[in-house]
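Asker: Can you read through this structure? Questions will come right after.
The values are calculated or read from the model by the stated rules, or taken from the named source; none is laboratory data. All values derive from a computational prediction rather than experimental measurement. No Cβ is skipped: glycine too gets one built from the backbone with ideal geometry, and neighbour counts run over all protein chains shown.
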Amino acid sequence: MNSDLASQILQRENQEKEALALLLDRYLSKSDRLLVQKTQMGTSEAYLGSVTLEWLAARVCFASQLPLFQQKFDPKTNNIIRDAQTIEQLQQRPLDWSRQAHLAQYLATRKHHKFPPVLAVISPHWVNDPNAEAWGSGKSAQIPAVNFTPLDPQQNLGLLDVSENFSIFALDGQHRLMGIQGLMELIKTGRLELYNKIKKAAGQVITTDDLMETYDLNLSYLQSLAKEKIGVEFIPAVLSGETYEQARRRVRSIFVHVNRMAVILSKGQLALLNEDDGFAIIARQIAMNHPLLKDRDDPNWHPRVNWDSATISSKSTVLTTLQALQDMSEGYLSHQYPHWQPKNKKHIIPLRPEDEELEEALEIFTELFDHLANLPSYRQLAQGKKTPQLRRFSHEQGKGQANLLFRPVGQIALAQALGILVFKNQIPIDTLFEKLYQFDEAGGFSQIEKPSSLWYGILYDPLKKRIQVAGRKLAAKLIVYLLGGMDEKEQHQLDQEFVQARTIEKQAINFNGENVAPEAIKLPTVL
């Protein structure tokens, strides 16, 4: 008896499921309807559903294309033309078209790609017609700007009309939309043009052939991406009872709020999260695990890595930044692993290296840091010296050693030079650090603000009395020369650059701080 009843209940449930499936299939077979769930937060109602990437690219416009801005809209860049009127109307970050190719590649090449839902406003054509009957005699909307058909008694689940009678604009997720549009163009035409920030052609293209060759993809896989689905949350352009102005203010308020809540990641934060760039992965591992840099369970211990900012203030107790470590990693290891960043295809995003290769690279980079930690400059840390004392210039408050090895620019230049010497010139790293140890012991990296320093005018600007980042390339060349890695032709070129760097306001300055003729400036002898 009980088994018969259970069987009947189960049979009824199956029949109901089949009936529901048939019903939904009948309603959803049309491309102009979406199954959505109604949501409510405060007075903001919305409808949450999902669409294919192909549908999103074709049907959703940028927020700057809202009819409100038709007279202030630049069709070339899809950005609002800035003036006093539009600045008051909508505070929006301009679209950065240089990001399109990167986002499209991310979707095409990363098997675990994922974009968050897009927030969009849905607007029927009558919204922009002040004489439409829907506005009523009092110029307030008699109906909401959506056509939602509920399928349950609570009116939470139903069908949303997204036919051509409605325009849809992305409020949050405009760069996601841009990337998806780029992907669709790449799939359909086989190529995607690269742009600068304001959508001016950069003169380069990405092709499906590039991606298939670099990432071992096939055309059928790329074409299948068009049918992938992404979440979309639709908000009505107008609610019942709202005037046009009230609706505009509400939509603007939502738009400004979601844009202000979005925080742009710093370079350091991007390096921290990057799981594809081999150089970033190695830098992160060194920062977390090498004795010179890793954190300790000691209340008196000061962290030695700035994980967020790419710069270090004069008062900071950190030794370096994660961004600098990534630049050091690339500068040192790129000669050994050039395929981590294809040089002939800089517009192609890197592919995560194999684990075995990452382990090998970490050993090599760790060896470099083992040698660095043994330099006299860094050994001062173990003796109780604080990084601000070693970093500051003598003219700054608190006076310091002005040691180049406590500046990211110096650390990067040294790593770049050693990468050339170890991997291109095949000079043993032990031999190089024997010379560096002696050079450092003699104060070669300290007091860089004095004319007696090799780095005066190169990495130190005597006029502005600050670090000169533009001199990093020359500094790296100088280290290569000092350690015996340059031929005669390269030395001649370096000699000219060195003289130019030591010429301040048309006066060449020698190591004694005297004004001399340019030909009197000579490179120091090789170590």
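Asker: Based on this model, can you work out whether Gln468 counts as on the phi > 0 side of the Ramachandran plot and surrounded by 13 or more Cβ atoms within 10 Å (Cβ to Cβ)? Please lay out each step first, then the result.
Answerer: Numbers: on the phi > 0 side of the Ramachandran plot: no; surrounded by 13 or more Cβ atoms within 10 Å (Cβ to Cβ): yes.
For Gln468, the condition - on the phi > 0 side of the Ramachandran plot and surrounded by 13 or more Cβ atoms within 10 Å (Cβ to Cβ) - is not met.
Asker: So which pairs qualify, if the first residue must be in the range 128-146 and free of Cβ contacts under 8 Å to residues at least 24 places away in the same chain and closer than 24 Å to Leu160 by Cα, the second must be part of a loop (DSSP other than H, G, I, E, B) and acidic (Asp, Glu), the Cβ gap must be under 9 Å, and the two must be at least 6 apart or on different chains?
Answerer: Going by the 9 Å Cβ cut-off, there are no qualifying pairs.
Asker: Condition (residue is without any contact (Cβ under 8 Å) to a residue 40 or more places away in the chain, outside any helix (DSSP H, G or I) and surrounded by fewer than 22 Cβ atoms within 10 Å (Cβ to Cβ)) applied to the range 362-377: is it met by at least one residue?
Answerer: no
Asker: Among the residues of the range 478-516, count how many are in contact (Cβ under 8 Å) with a residue 60 or more places away in the chain and among the polar types (S, T, N, Q).
Answerer: Qualifying residue count, the range 478-516: 1.
Asker: Still on this structure: From (1) surrounded by 14 or more Cβ atoms within 10 Å (Cβ to Cβ); (2) modelled with pLDDT under 65, pick out the condition that doesn't hold for Arg260.
Answerer: Checking Arg260 against (1) surrounded by 14 or more Cβ atoms within 10 Å (Cβ to Cβ); (2) modelled with pLDDT under 65, the one that fails is (1).
Asker: Scan the range 403-417 and give yes if some residue there is out of contact with any strand residue (DSSP E or B) (no Cβ under 9 Å at 6 or more places or on another chain), part of a loop (DSSP other than H, G, I, E, B) and either at negative phi or crowded, with 20+ Cβ neighbours inside 10 Å (or both), otherwise no. Even if it seems obvious, please write down each step before you answer.
Answerer: Quick first cut of the range 403-417, residues out of contact with any strand residue (DSSP E or B) (no Cβ under 9 Å at 6 or more places or on another chain) only: 403, 405, 412-417.
Okay, now just the ones that are also part of a loop (DSSP other than H, G, I, E, B), so 403.
Checking which are either at negative phi or crowded, with 20+ Cβ neighbours inside 10 Å (or both) leaves us with 403.
Yes: the range 403-417 contains one or more residues that are out of contact with any strand residue (DSSP E or B) (no Cβ under 9 Å at 6 or more places or on another chain), part of a loop (DSSP other than H, G, I, E, B) and either at negative phi or crowded, with 20+ Cβ neighbours inside 10 Å (or both).
Asker: I'd like to check something: does the range 322-338 contain any residue that is in a helix (DSSP H, G or I), surrounded by fewer than 15 Cβ atoms within 10 Å (Cβ to Cβ) and without any contact (Cβ under 8 Å) to a residue 12 or more places away in the chain?
Answerer: yes
Asker: Here's a follow-up. Run down Gly158, Gly138 and say which single residue is surrounded by 16 or more Cβ atoms within 10 Å (Cβ to Cβ), at pLDDT below 90 and in contact with a Ser or Thr (Cβ under 9 Å, 6 or more places away or on another chain).
Answerer: Working: Gly138 fails: surrounded by 16 or more Cβ atoms within 10 Å (Cβ to Cβ).
Exactly one of Gly158, Gly138 is surrounded by 16 or more Cβ atoms within 10 Å (Cβ to Cβ), at pLDDT below 90 and in contact with a Ser or Thr (Cβ under 9 Å, 6 or more places away or on another chain), namely Gly158.
Asker: For the range 149-158, which residues satisfy the criterion of being in a strand (DSSP E or B) and either closer than 17 Å to Ile235 by Cβ or out of contact with any Leu (no Cβ under 8 Å at 6 or more places or on another chain) (or both)?
Answerer: Across the range 149-158, the qualifying residue is only Gly158.
Asker: Please find, within the range 115-135, the residue that is nearest to Gln181 (Cα to Cα) out of those that are of a type in the set (S, T, N, Q) and surrounded by fewer than 19 Cβ atoms within 10 Å (Cβ to Cβ). Spell out the reasoning first.
Answerer: Of the range 115-135, the ones of a type in the set (S, T, N, Q) are 123, 128, 131.
Within this subset, residues satisfying the condition of being surrounded by fewer than 19 Cβ atoms within 10 Å (Cβ to Cβ) are 128, 131.
Values: Asn128: 26, Asn131: 35 Å.
Looking at the filtered set, the residue picked out is Asn128.
Asker: Now, a different point. Identify the single condition in (1) touching a residue at least 12 places away in the same chain (Cβ under 8 Å); (2) assigned to a loop (DSSP other than H, G, I, E, B) that Lys114 does not satisfy, given that it satisfies every other one.
Answerer: Of (1) touching a residue at least 12 places away in the same chain (Cβ under 8 Å); (2) assigned to a loop (DSSP other than H, G, I, E, B), only one is false for Lys114: (1).
Asker: Related question: If you scan the range 486-527, which residues turn out to be loosely packed, with under 15 Cβ neighbours inside 10 Å, in contact with a Phe, Trp or Tyr (Cβ under 9 Å, 6 or more places away or on another chain) and among the β-branched types (Val, Ile, Thr)?
Answerer: Val526
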